[in-house]
Every structure is written in structure tokens, then in C-alpha cells.
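**Student:** I'd like to ask some things about the structure below.
The values are calculated or read from the model by the stated rules, or taken from the named source; none is laboratory data. This structure is a prediction, so every number in the text was calculated from the model and none was measured. Positions of Cβ are backbone-derived with ideal geometry, glycine not excepted, and every protein chain shown enters the neighbour counts. SASA here: full protein model, heavy atoms, side chains in, ligands and nucleic acids out. Shrake-Rupley method; radii C 1.70, N 1.55, O 1.52, S 1.80 Å.
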Amino acid sequence: MKIVTWNVNGIRARALAFERWIRARRPDVVCLQEIKAHPDQVPEELREIRGYSSYWHGARGGYSGVSIHVSESLGKPEFSIPYFDEETRVLQARAGGLTVVNVYTPLGQKSYSRKIAFLGSLVKYIDALCYEGENVILCGDLNVAHRDADVHPEMYVEDMLCTRSDERGMIDALHALGMKDLFRMHHPDDAHAYSWWPYYGGARARNVGWRIDYILAPSAIASSSSGCWIEREESSSDHSPVLAEIGPLPKKK
């Protein structure tokens, strides 16, 4: 089973690229962030993608927004919006034995305390799902670089936003629940793997970026994963898609 997370930085600007990409890859589950569109504003050809059940969760004039697209091969999904959602940043889908939570965390420039509260609510929510025995997959742009290796040295400044200890501590808290960072699990020593690059200064060409996009899964699912990759060749957005492959799901408790 292939699962993808991708911050598209505006689905209207990325419509052709996304349509081309999903037709070529045909993943089982796709989680998009920062769609920047109300469902009515999503290009008509994307509102219902052939072969997928789609749910677009965005606000008119909004700058965030998320969506989930589930292959019809997994059956009819149950979409829902978790209680701690704000600014259309969180969406959930249950399908094919999975509970997929898609998140776009606030950057924290306007209100850092709100970002920490949001991440705290996310940890509590994932904890509850794990306690209930759900096969949880957490996808999204968490706007946190978990380790110094996840930021290019050229961009690193002490105590900068997205690298502070309390932000990183939220990722640690997810790990403490048994949630594994699938990319880092498969690439423990890759110190130059990034999923976001600034538009300026030729950053992408020079690979001067950050790794802030994640797919996390509990140990039982992670152990079945055959790989996780950042698709750098897809450069239509300032983020690249992150793709993971997982095997047969463990039975629920």
C-alpha cells in the first residue's frame, strides 16, 4: 500500500501538476496540505478524481486547507474532522483498515503558543487512537524539523522557529507513543534529505532546505514498511511529496 503526503502550496496553482502526478503514481492514499481553496474553488477536474474518494477541507480566502484522497480499491472511506481542527488544518479518513490523520501545523509566527497548543492536542489525539487499537497513520506538514540534520547548515540559526526544543519535544512525544518516522527509519544517516526549499537563492537546485513533512506510523505498521522516499523530482511546489510503502496491516486489538 502506497501512502503520500504533499504540501501543494495552492491546489489551483498546482492543478495540472497534481493531476499529472496522481495519474502517474496512483497511490492508495494521498494527503494534501495548504490547498488554499474552498471545495467550490477546487478545479472541477480535481473535485472528484477518477478512481478515488476525495474530501476537500478548505475555507474561502483561506491560506491553509487539507484534503485526503483514498483509492476506491480500499472501499468507501469515512471522513471526519477531529475536534482540535482550526483554520481547516486537520482531516481524518478511515478506510482499508487504516485511520489516516492529515495535519497542517501552524508555522507559529503569528502565535507560537497556539502552535504548541495545536501540537499538544495532536499528540493527545494520536494517543487516544493508539489506545483504541487503531492502525494510525499520521501524515502532514508538521512545521517542525525534528533534528539538526533536518535543516541545511546554511539555514540553521540557534532557537529559530520550527527547531525549538518544545516543538521538537512534540515529535518526541509522538515517538514515545510508538509512532515511527518512516523516512528516518529507512534513512537513519541521511543528513541531506529535505522536503521543503525556499523559492529564493536557487535553494532547491543546491538542496538547501528543511525536512518538515512526515509520515508516522506505529511500530506494528512501521515494521511492514518496505520504504519511504522524498520525490525531489516533483518540484512544482516548494514542498516535494513524501511517499511510503507499507505491507499487510496488523489486526486491531
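**Student:** I'd like the accessible area for HIS38, computed on protein heavy atoms only with a 1.4 Å probe and all protein chains in place. Round to 10 Å², please.
**Tutor:** For HIS38, solvent-accessible area is about 50 Å².
**Student:** Carbon and sulfur together cover what percent of the accessible area of the chain at a 1.4 Å probe radius?
**Tutor:** On the way: 5570 of 10810 Å².
Looking at the chain in its full context, I get 52 percent from C and S.
**Student:** Right, something else. Please compute the per residue accessible area over the chain with all protein chains in place, 1.4 Å probe, rounded to a whole number of Å².
**Tutor:** With the other protein chains kept in place, the chain gives 43 Å² per residue.
**Student:** Between TYR63 and MET155, take the C-beta separation as r, use R0 = 22 Å, and let me know the FRET efficiency to the nearest 0.05.
**Tutor:** On the way: r = 23 Å, r/R0 = 1.03.
Efficiency for this residue pair is about 0.45.
**Student:** Have a look at MET160, MET179, MET170 and tell me which one the Gaussian network model of the chain (Cα, springs below 10 Å) gives the largest fluctuation.
**Tutor:** MET160
**Student:** Short version: ³J(HN,Hα) in whole Hz for each residue of the stretch 210-215, in order, from phi by Karplus 6.51 cos²θ - 1.76 cosθ + 1.60 (θ = phi - 60°), x for Gly and Pro, what are they?
**Tutor:** Values, residue by residue: 10, 10, 10, 10, 10, 10 Hz.
**Student:** Same structure, new question: Once the whole set of protein chains is in place, how much accessible area is left on ARG206, using a 1.4 Å probe, in Å² to the nearest 10?
**Tutor:** Approximately 120 Å² of ARG206 is accessible to the 1.4 Å probe.
**Student:** Given a cut-off of 21 Å, name the pairs among LYS180/LYS251; LYS2/LYS76; LYS36/LYS76; LYS76/LYS124; LYS2/LYS251 whose C-alpha atoms lie farther apart than that in the structure shown.
**Tutor:** Violating the 21 Å Cα-Cα cut-off are LYS36/LYS76; LYS76/LYS124.
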